[in-house]
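In what follows, a single structure is set out as structure tokens and then discussed.
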Amino acid sequence: MILELLHQPAILIAMLPVMPPLDPLGYPVPPWILQAISYLTLSLHLLAMNFTVGGIMLLLWTYFRKKPGHEGIAYFFGSSLPLGVSYIITLGIPPLLILQVLYGQMFYSSSVLMGSFWIQVIPLLIIAYSLLYYHKFSRAKRPGLQWAVVALALPIFFYIEFIFVNNLTLVMTPEHWLDIYAAHPGGGVLTHGEPTVHPRYLLFIGGAFAAAGLAVIWRGAFLIKWGFQTIGRKSQAFGFRVMLITPVLWIAAAIGLYFARPANIAEMLQARAVVVLLVIAIIGGIAAAVFAFLSIGKQKMIFPLLASLSLFAVVACMVIFRDLVRLHQLKPYFDMSAVPVQPQWGMFAIFMSALVTGVVLLVMLSIRVFPNLASQARERLAKMIPG
Amino acid sequence: MTPDYEIPPEAETQLPPPNKLTGRLSRYLLNRYPVWPIIDHLSKKVVPRHRDTVWYNMGGIALFFLVVQIITGALLMVYYRPSQPWASVQRIVMEVPYGNLIRSIHNWSANLMILTLFLHMFSTFFMKAYRPPRELTWLSGAVLMAITLLFGFSGYLLPWDDLSFFATRVGMSEIERAPLIGHWIAGLARGGADVTVDTIGRFYLLHVMVMPIVVLTIVGIHLFFVQVQGVSEPDHFAALPPEKKRYHKFFTEFLFSEAPIWLFLSALLVALAAAWPRTLLPEADPFAAAPLGIKPEWYFLSQFQLLKMFPGKVEMVGLLLWSLIPLGILVVAFVDRSIPTDNRGRWTTRIGIVALAGLIVYTIWGWLP
Amino acid sequence: MNYPFWDIPFLGNGLVVAIIAIIHILISHLAIGGGAFLFVTELWSDRQPMGQKIRDWLHRYATYFLVYTTVFGAMTGVGIWFAIQLANPEATSLLIHQFVFAWATEWVMFLGELTTLYLYFYGWQKNSRSLQVFLAGAYFVIAWFSLFIINGILSFMLTPGAWQLAQPNIFHGFFNPGFVPSLILRTFVMFLIGGLFGIIVATKIRNDDEFKAKIINFSAKWVIPAAIIVPVMMLWYWSTLPANTVALIKGGAVGVAGGKLEIITRYFWLAVVSGFLIVFGTLFISFRPQAASTAGAIALFLIAQLGVMGAEFFREMARKPYVIYNVLYSNSLWKYHTDDQNYMQTAFLDNARWDPRPEPLSPQHGEWIFRLQCASCHTRNGYRSIAERTKDWTAEFGYRWFLDMDKTGIMPPFQGTNEDRAALSAYLVSLHGDTTTAQQILDQVEQAPADSIANQAAANDMIGKVKP
């Protein structure tokens, strides 16, 4: 039976000779399960990435503006950015894993076409990560040049995001592959003239402000709860203003995407699922802004929480929409429903039980430790801020 | 009753207690060999602790590589035949168990030893350790450097493959260009007008008997000088008030802290031999043309490149320029003598920086195709 | 050839994987061994009168540990993943589709490792003793499970055991013959590395020789279990190696088949020598712990890095010519294809998908066969240089040599027609200036009938002269 799996339906081969064959093992579970897990973890990964990149920008901004309360925000990001990076990396693993299971033959092809540009992500991320840690551990001793260290990390992250956007766009355009490889026979192409790359990229960068702004709002809520009313409120107001930059950038990106859209996308855009996603995304975006606004001046965590969930919903809708676009664009060359499923329910059960047990354990441990961390932060603030 | 030497009372307190084996053994020996003053002196030997302390390791590392060379060289001698040079090396590489490994280690250790000696020479130069009373230590070191380079040159020929033969022939023709005595020395070294199997006999004798005896003797003298005089202190350390000066004891602290580095270098030699084993090119054919772009080993590249810039009639200029370096090395200890350093000393440092930069630039230039 | 080929000149894409992996293995082994070290030291400190002093020192250990493992460990681990998907997408795809949920479970372990480590590290001042000890222990157990999982996948590649492509059973593949010895071996090596790291951090204790000696002696003890268990596990591991691999290793010690087979033996000895040197060095340091310097301790740690280089190179080379033993060759040829004689005689570029359809028998034809069938292991002029290995070839010799190249024991069989062989041979000899064309080879061969035995002898003769 395996040997039959190895031969794709003849029609697909005729459509694109260069498309690699399906993996002989097929899918380990029905693809919708993997897609669901991917949507969840990818959204979290993108939020972590947005938090980090936005955090770097806000750190630099507040460091240079030096308004009252800004120093605290800069310190907050300086402390939390390395953790942000580690969660970017960790949360990026499941989506990349599932991408390779579901779209392996497309993804590996596009990655090899990018070649050394793809592998550059690794040393660059090591450098950026090290810079952020260096900043964190030595800022007390050398406050002067710390901004330079962080400022170096910013273009690195921008570049890494650009590499990712290009790779995942190339996944969706197999018709260009053979020409690209013929022009670069060992791989090594960063960008390939695909018009949607730049608007997509703007979507990625745009989200940074919402995520980082929301983090500052959370910080403000905790400050108010701990009795630092004035700086807490300032923090929240600042965070809210920052958040408003995102919709501007996202609307610009949406317009750009509209003008750059591929010809055959119109039919897909009318599908009901797509309309539902767009509606949820818009409502979510408005809700995020409203809840963020309502958080200002209050110590209740419910408002920042609802704002975060709304933002998560927006990002998740974007992620799901992107996947639908991808499936649509790959239709002439790849049919997900035609991929055989050789179930590994046993392994899936092991994974899910590990996941549930793990998350429960981590949540319980976090609940035990967070009060200690909070009181430490509180003590430090009490020493730094009078009254 | 055989007369015993008396152990000095201050020694009694510093030796291990008499009920322990080490205590009994040391007292046994001290009763027969009155060497307590030497031991006492050595135990007080200290190494200054400052930001450049790491350079003090270089001499020991060079000595480590020398020991590796002696051991691996002896093992190679079991199978090497000067009458059948290439065939015996091929046998070592292809048939003898671990022969390839030992041969590659010998080669890598040679290169690393010469590199370490460059580091040792330049670090002692820039720390101005040649100043009085250490002039003779410096001179003996210069002689050791020259002998080590000769070790490299002589050993290079022994496999008698294409590279060895032609590199040696090129090197010999460079020696010939030395004024007055060049022709005579080259003829003596070669055993004739050209590099032949007779040359191997001479190089082999030098490489495995004459130079080892000489180098061990001079290393002994060099170390004796260092032990007796102590380790030199650079100016910035010597200028500190006594209570701020910190020292390691040599015979426990420093030596023990150095030893793991030697263990690492052992592993490094095996790793280098594993990753980049020494190749054996086809057997030398003296009647063939020299391979294109034949060059000496990296430690001779700077001279080679410098002399290439002065071909034909102007070669004397190149030779004179190049001879400034060994000349400079020989006289620096007598020219720059002031502690703390003075204007002359600062100029010596600047000239040294220029020389080092030149060495690196010419070596890289010589290496490029 | 189903996928495009990632060309890295001089190094070859395999070496890129190797370099990232060798760096990663040392750090990842520290991540787990250091976790055990944190846990045990926490417990030990509770039984010592100077417990708080020990814990203050342990926090320094944890600081270096945190940055080193989260930054370099995590990134180089992802780096291996990036590199293998570029270097061998076919094998990566097979592994991912078979083991995705194992990897997903390993990811849960990563999440747990990271979070428990952060909770342990950032809460160290205020967490209760029992919570700290629990967090350290949880970190170690979770981290060890991530080793458990990756070890199954990695050992599967060399010794797939009862696993079959036609009826893939993940548990057969995961619990393969090499699984247990490598798991135990790696666990004890991890303890060793955790201890070496402790020695490094201990050398930073200033002006308190007695405490420094105490910590160094404690750290040095972590090397002892490895000194005993690792050699035993190596013997067990050795017994699971494929017969072909054992022959290669033994044949390499005395160069019967010449230089190229020795490399696996050389790396094996590097690992063994490094092990001895570490044990010896640790004993040496324990003899006089007050004298230990940071440079010396780092030197020991670097010996471990070289040992890892030896062991991992050895393990990877042991799989030759396969990337997944008996299933997939390193150049992405499937074993079930090479068992099919009809398939093996079809035109190679018809099966490959990423060539620009060069003119048959042209120099580009040969070059594309080289790129898609050979370049996964051989660079032109760099690592395992093909130009170096074929520099004495005549075009006709190459043409015949491909017929039996799998008999060397380290190469896959050649997939392609006579035209393919001629084109490839013409390309290879052109690298050293021979201008014979593929057409000329075919014409010459037609005139002289192929005599396989004589050619085999000539091929065997050539093997002895191939460089490492």
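The values are calculated or read from the model by the stated rules, or taken from the named source; none is laboratory data. In this text the structure is predicted, and so the values were computed from the model without any measurement. Neighbour counts run over all protein chains shown; Cβ positions are idealised from the backbone, glycine included.
Key figures
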| read-out | value |
| --- | --- |
| The lone exception for C:ASP355 - which of (1) more than 19 Å from C:LEU11 (Cα to Cα); (2) out of contact with any helix residue (DSSP H, G or I) (no Cβ under 6 Å at 6 or more places or on another chain) it fails | (2) |
| C:ILE25 vs. criteria away from every other protein chain (no Cβ under 13 Å) and within 29 Å of A:ASP23 (Cα to Cα) | yes |
| Complete set of residues in the stretch B:78-125 that are within 14 Å of another protein chain (Cβ to nearest Cβ), in contact (Cβ under 8 Å) with a residue 24 or more places away in the chain and of a type in the set (A, V, I, L, M, F, W, C) | B:VAL89, B:VAL93, B:LEU101, B:ILE102, B:ILE105, B:TRP108 |
| Matching residues in the stretch C:69-80 - criterion: being without any contact (Cβ under 8 Å) to a residue 60 or more places away in the chain and either more than 7 Å from chain A (Cβ to nearest Cβ) or outside any helix (DSSP H, G or I) (or both) | C:THR69, C:GLY73, C:THR76, C:GLY77 |
| Residue list for the stretch B:1-20, restricted to those being assigned to a helix (DSSP H, G or I) and not hydroxyl-bearing (Ser, Thr, Tyr) | B:PRO9, B:GLU10, B:ALA11, B:GLU12, B:GLN14 |
| Residue ranges of helices (runs of 4 or more DSSP H) in the stretch C:324-432 with at least 3 members within 14 Å of chain A (Cβ to nearest Cβ) and either under 23 Å from A:ALA182 (Cα atoms) or polar (S, T, N, Q) (or both) | C:348-351, C:363-369 |
| Subset of the stretch C:81-93 that is surrounded by fewer than 24 Cβ atoms within 10 Å (Cβ to Cβ) and more than 9 Å from every other protein chain (Cβ to nearest Cβ) - its residue that is farthest from C:VAL17 (Cα to Cα) | C:ALA91 |
| Residue list for the stretch A:106-148, filter: within 7 Å of another protein chain (Cβ to nearest Cβ) and more than 22 Å from A:PHE162 (Cα to Cα) | A:TYR133 |
| Long-range neighbours under 8 Å by Cβ, at least six apart or interchain, first residue under 19 Å from B:LEU359 (Cα atoms) within the stretch B:303-317, second small (Gly, Ala, Ser) | B:PHE304/B:GLY366; B:GLN305/B:GLY366; B:LEU306/B:GLY318; B:LEU307/B:GLY318; B:LYS308/B:GLY366; B:MET309/B:GLY318; B:PHE310/B:GLY318 |
| Residue match in the stretch A:198-209 (condition: within 27 Å of A:LYS234 (Cβ to Cβ), within 14 Å of another protein chain (Cβ to nearest Cβ) and in a helix (DSSP H, G or I)) | no |
| Entirely in the stretch C:137-247, the helices (runs of 4 or more DSSP H) that have 2 or more residues that are within 14 Å of another protein chain (Cβ to nearest Cβ) | C:170-174, C:179-202, C:209-220 |
| Conditions (1) in a helix (DSSP H, G or I); (2) surrounded by fewer than 15 Cβ atoms within 10 Å (Cβ to Cβ): number failed by B:ALA193 | (1) |
| Subset tally (residues that are modelled with pLDDT of 85 or more and not in a helix (DSSP H, G or I)) for the stretch B:21-44 | 3 |
| Residues of the stretch C:335-381 satisfying the condition of being crowded, with 16+ Cβ neighbours inside 10 Å, in contact (Cβ under 8 Å) with a residue 60 or more places away in the chain and of a type in the set (Val, Ile, Thr) | C:THR338, C:THR379 |
| Residue that is touching a strand residue (DSSP E or B) at 6+ places or on another chain (Cβ under 6 Å) and either of a type in the set (A, V, I, L, M, F, W, C) or part of a helix (DSSP H, G or I) (or both), where the choices are B:TRP86, B:TRP55 | B:TRP86 |
| Residue within the stretch C:56-70 that is touching a Lys or Arg at 6+ places or on another chain (Cβ under 6 Å) and surrounded by 22 or more Cβ atoms within 10 Å (Cβ to Cβ) present | no |
| Filtered residue count, the stretch C:97-116, keeping only those that are more than 7 Å from every other protein chain (Cβ to nearest Cβ) and within 24 Å of A:PRO21 (Cα to Cα) | 1 |
| Pair list, Cβ < 7 Å and 6+ apart or interchain, from the stretch B:159-179 residues that are among the hydroxyl-bearing types (Ser, Thr, Tyr) to residues that are assigned to a helix (DSSP H, G or I) | B:SER164/B:TYR156; B:SER164/B:LEU157; B:THR168/B:TYR156; B:THR168/B:LEU157 |
| Subset of the stretch B:309-356 (residues that are in a loop (DSSP other than H, G, I, E, B) and of a type outside the set (A, V, I, L, M)) | B:PHE310, B:PRO311, B:ASP336, B:ARG337, B:SER338, B:PRO340, B:THR341, B:ASP342 |
| Whichever residue in the stretch B:225-282 is in contact (Cβ under 8 Å) with a residue 24 or more places away in the chain, within 14 Å of chain C (Cβ to nearest Cβ) and aromatic (Phe, Trp, Tyr) and, among such residues, is nearest to C:MET309 (Cα to Cα) | B:TRP276 |
| Residue that is nearest to C:THR63 (Cα to Cα), among those in the stretch C:117-128 that are more than 7 Å from every other protein chain (Cβ to nearest Cβ) and either in contact with a strand residue (DSSP E or B) (Cβ under 9 Å, 6 or more places away or on another chain) or not aliphatic (A, V, I, L, M) (or both) | C:PHE121 |
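Okay, residues lined up against (1) within 17 Å of B:LEU157 (Cα to Cα); (2) modelled with pLDDT of 85 or more; (3) in the same structural domain as B:ILE147 (by TED's automatic domain parsing); (4) not in a loop (DSSP other than H, G, I, E, B):
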site: B:PHE251; (1), (2), (3), (4): no, no, yes, yes
site: B:LEU255; (1), (2), (3), (4): no, no, yes, yes
site: B:ALA271; (1), (2), (3), (4): no, yes, yes, yes
site: B:LEU280; (1), (2), (3), (4): yes, yes, yes, no
site: B:PHE287; (1), (2), (3), (4): yes, yes, yes, no
site: B:LEU307; (1), (2), (3), (4): no, no, no, yes
